[in-house]
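Peer 1: Have a look at the structure that comes next, please.
The values are calculated or read from the model by the stated rules, or taken from the named source; none is laboratory data. Quantities reported herein were computed from a predicted structural model and do not represent experimental measurements. Note that each Cβ is placed from the backbone with ideal geometry, even for glycine, and that neighbours are counted across all protein chains shown.
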Amino acid sequence: MVETSSAAEMWEAWVGSAYAKVDKNGFLGYLPKICLPRPNADEDPLAELETFDGPGPWDRTSLEIEVEDSQTLRTADGEPVRKKMLLFSGNDYLNLSSHPAVCRASAKAALAYGMGPRSSALVSGQTEYHRQLEILLAEMHQKKACIVAPTGFAANTAFFSTLGGVATHNAASKKLVAPQEKIAVFSDALNHASIIDGLCLMERHQQAVVYVYRHSDMAHLDEILSSCDLEKKVVITDSLFSMEGDFAPILELVQLREKHRFLLVVDEAHTAFVCGRNGGGICEVYRIQNQIDVIVGTLSKAGGCLGGFIACSEKWSNLIRCVGRSYIFTTASPLPIIAAAYTAAMVARKEGWRRQAVWNRVHEFVALTNHPATSPIVSLVVGDENAAILASKHMLEKGFHVTAIRPPAVSPDACRLRVTLTAAHTKEDLRGLVTALDQCIPGLVPQVDRVPARL
Ligand SMILES: Cc1ncc(COP(=O)(O)O)c(C=O)c1O
């Protein structure tokens, strides 16, 4: 057993000793970062950051879509007829995917560097642009280091394969982790599939014992933590549950962390950029970033781009770079994506009105309905799969792109419509949406004619 005081220190020691065994030859220190040719000022993808005080026409680009209308006849050329729709099903909460600065950064990076070096980050895929994005995200989450992975899914599985490495490389026998050397991982019942798959891999390699606690049930978590005598304990939760739209009881988790001395890992996939003054997620809102050991997130939702990240200590980041399988055995993100994500993170920080706007939409939705939504993810459970498909068809017919959420994303009896609100939706959009929803979800609005003309 490692003789240190706090759980955080114990974990740092375990991670450090695993890293010392993995990187015996100091490979990471030797590996040079790739520096691309310096562009002229006007070609530099990150040189200018144009921000705005309010929405522009570009904000509607990803909302006002067209879909193929399979119900109607084809055009004279045999092409399917297109139908206009308003999107209420994406995760681009701040509408950054079409922000002029983000588009420009991506286009400039493509013109200057093409897709960039194509290989795994550990071979030649990591450039100083990747590094700059990692530094920015680490700072945003008040951590010493950060790893950028190709997707949020890859970020979670990379973290769990690294956690598995902590068990393996601290075990007395490299071949088999003894039962008392395993890591006990406590996971919320509604955590994202990427967490579940990461945990399955750890179980498969006999590195972990996984305990699933009832959704957000802190009494249950407390109880199973109390009865677990494994030394290495980890709790993992989504910060905002992607299908339910409810927040994890983060302050209670922090209290339990004090009591049970576990490593606390929070997946801020749906809250990064959306919550907190600087977009640092719910951990920033509650100013508890120093009590959360590892923060996972994605650049694919409110970041409007693609990619995932793990904000953590330097020891963790070193180990992830060596053993995080979905980080090392896959090609690093292309440069236009990295430049766009860096710019999106900067814009999200500077254009605070976007965050205000998306929360205004949530309040407006609540005012228009009886629904107690607390986040931009509004989960409307309708019943079985057929009921959800019927409701979604109705919404599509009315011109609202709201899709049915079915197994395996949710249980068969809790199929639903998942409505997502963004900064660029208007009050008028919401009024139309709610009227259409009320026609397929009875009782959503007490009496339609009571929907106020003005909010
Ligand atoms: C909580 C959570 N974590 C991770 C992911 C995966 O992120 P990405 O889409 O970037 O792979 C998602 C995506 O739905 C998610 O909801």
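Peer 1: Tell me the residue from 324, 281 that is small (Gly, Ala, Ser), within 20 Å of residue 20 (Cβ to Cβ), touching a strand residue (DSSP E or B) at 6+ places or on another chain (Cβ under 8 Å) and surrounded by 23 or more Cβ atoms within 10 Å (Cβ to Cβ), please.
Peer 2: Selected residue: 324, the only one of 324, 281 that is small (Gly, Ala, Ser), within 20 Å of residue 20 (Cβ to Cβ), touching a strand residue (DSSP E or B) at 6+ places or on another chain (Cβ under 8 Å) and surrounded by 23 or more Cβ atoms within 10 Å (Cβ to Cβ).
Peer 1: Give me a count of the residues in the stretch 179-233 that are free of Cβ contacts under 8 Å to residues at least 24 places away in the same chain, over 26 Å from residue 247 (Cα atoms) and either of a type in the set (A, V, I, L, M, F, W, C) or within 14 Å of the ligand (Cβ to nearest atom) (or both).
Peer 2: Here the count works out to 0.
Yes or no, residue by residue, for (1) closer than 30 Å to residue 21 by Cβ; (2) modelled with pLDDT under 95; (3) touching a helix residue (DSSP H, G or I) at 6+ places or on another chain (Cβ under 8 Å); (4) of a type in the set (Asp, Glu):
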| position | (1), (2), (3), (4) |
| --- | --- |
| 300 | no, no, yes, no |
| 311 | yes, no, yes, no |
| 320 | yes, no, yes, no |
| 334 | no, no, no, no |
| 340 | no, no, yes, no |
| 349 | no, no, yes, no |
| 364 | no, no, yes, yes |
| 376 | no, no, yes, no |
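Peer 1: Looking at the structure I just gave you, is residue 376 closer than 30 Å to residue 162 by Cβ and in contact (Cβ under 8 Å) with a residue 60 or more places away in the chain?
Peer 2: Against the criterion (closer than 30 Å to residue 162 by Cβ and in contact (Cβ under 8 Å) with a residue 60 or more places away in the chain), residue 376 does not qualify.
Peer 1: Among the candidates 410, 419, single out the residue that is of a type in the set (A, V, I, L, M), in contact (Cβ under 8 Å) with a residue 40 or more places away in the chain and not in a loop (DSSP other than H, G, I, E, B).
Peer 2: 419
Peer 1: Same structure, new question: Going by the conditions given, is residue 265 surrounded by 16 or more Cβ atoms within 10 Å (Cβ to Cβ), within 16 Å of the ligand (Cβ to nearest atom) and within 20 Å of residue 12 (Cβ to Cβ)?
Peer 2: Yes; evaluated as a whole, the condition is true for this residue.
Peer 1: Here's something else I'd like to know. Given the criterion of a type in the set (Gly, Ala, Ser) and more than 17 Å from residue 94 (Cβ to Cβ), identify the matching residue among 424, 388, 348.
Peer 2: Criteria check complete, one pass: 388.
Peer 1: Still on this structure, I have one more. If a residue has to be touching a residue at least 24 places away in the same chain (Cβ under 8 Å), away from the ligand (no atom under 16 Å from the Cβ) and either closer than 30 Å to residue 274 by Cβ or over 26 Å from the mean Cα position of the chain (by Cα) (or both) to count, how many in the stretch 72-117 make the cut?
Peer 2: 26
Peer 1: While we're looking at this one, here's another question. Do we have any residue at all in the stretch 237-255 that's more than 16 Å from the ligand (Cβ to nearest atom) and crowded, with 21+ Cβ neighbours inside 10 Å?
Peer 2: no
Peer 1: Note down all Cβ pairs under 8 Å where the first residue falls in the stretch 293-312 and is among the polar types (S, T, N, Q), the second is crowded, with 24+ Cβ neighbours inside 10 Å and assigned to a strand (DSSP E or B), and they're at least six residues apart or on different chains.
Peer 2: These pairs meet every condition: 298/308; 298/309; 300/308.
Peer 1: Taking only the stretch 135-159 into account, find how many residues are touching a strand residue (DSSP E or B) at 6+ places or on another chain (Cβ under 8 Å), within 16 Å of the ligand (Cβ to nearest atom) and part of a helix (DSSP H, G or I).
Peer 2: Residues meeting the conditions: 8.
Peer 1: Which of the residues belonging to the stretch 281-328 are within 16 Å of the ligand (Cβ to nearest atom), over 10 Å from residue 159 (Cα atoms) and assigned to a loop (DSSP other than H, G, I, E, B)?
Peer 2: Scanning the stretch 281-328 gives 281, 292, 299, 300, 301, 302, 303, 304, 305, 306, 307.
Peer 1: May I ask you to verify whether residue 370 is within 19 Å of the chain's Cα centre (by Cα), more than 16 Å from the ligand (Cβ to nearest atom) and modelled with pLDDT under 95?
Peer 2: Taking the combined requirement at face value, the residue does not satisfy it.
Peer 1: Restricting the stretch 268-280 to residues that are in contact with a His (Cβ under 9 Å, 6 or more places away or on another chain) and among the hydrophobic types (A, V, I, L, M, F, W, C), which is farthest from the ligand (Cβ to nearest atom)?
Peer 2: Across the stretch 268-280, the extreme among qualifying residues is 272.
Peer 1: Take the conditions part of a helix (DSSP H, G or I), over 19 Å from the mean Cα position of the chain (by Cα) and more than 16 Å from the ligand (Cβ to nearest atom) and apply them to residue 167. Does it pass?
Peer 2: Criteria met by residue 167.
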